[in-house]
1. Simple spin-label model, 7 Å along Cα-to-Cβ: residue 156 to residue 26 in nm?
2. Please compute the length gained on full extension between residue 183 and residue 47, using 0.36 nm multiplied by the number of residues separating them and subtracting their Cα-Cα distance.
3. Once you place label points 7 Å from the Cα toward the Cβ at residue 173 and residue 100, how far apart are they in nm?
4. Which FRET efficiency, nearest 0.05, do residue 166 and residue 111 yield, Cβ-Cβ r, R0 41 Å?
5. For a Förster distance of 25 Å, can you work out the FRET efficiency between the beta-carbons of residue 39 and residue 84, rounded to the nearest 0.05?
6. Rank by packing, highest mean first: peptides 68-74, 173-179, 47-53, with packing defined as the count of other Cβ atoms within 10 Å averaged across residues.
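Derivation of every value follows stated rules applied to the coordinates shown; laboratory data play no part. Predicted model, so just to flag it, every value in this text is computed and none were measured. Positions of Cβ are generated from backbone atoms using ideal geometry, with glycine treated the same way; all protein chains shown enter the neighbour counts.
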């Protein structure tokens, strides 16, 4: 199928990789596979892809660690987490790192194709997403640091990092949304208790 989005499948189980690849390749999706996070990171930097299906539980770099590293590269390629061990905390953590969906194992080929098509349509993938190369190479890294500061409850550091990102790239919608939400919550909780911030980022200590 011409111009079909290219998908990278990352899973340590050979049978799962084969099933996912076969299910997607039979309807025309160009696919690549990686058995672990480190291999996937190398492939992402070497060749562009439009969607990553990433297993949550893997030896070495697990899915969350791999997702963090992907975002630190500066790429915004959509990532769908694949897990047989899904939980609300996992989902919350993944969404903070910009995962856009979860797929639970086992999944049938028909359901997989439907979910992938839905995710690609929702994300409006039109051209391949590559690692960003800009005059400010630390942009993606600084944004990742800001997210981690928010998750740790380090509001002042997060605010400073987000302002730095916006100073470099005012077109960063994610940085603006995070900063706007942080400032709005701080204003509402001027007493210093920050209960809403703690609810949004449970690791918060309100300092």
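1. My value for the distance between the label points is 5.9 nm.
2. 45.1 nm
3. 1.1 nm
4. 0.55
5. Efficiency computed from Cβ-Cβ geometry: 0.75.
6. Per-residue Cβ counts within 10 Å, averaged per peptide and sorted highest first, yield 47-53, 68-74, 173-179.
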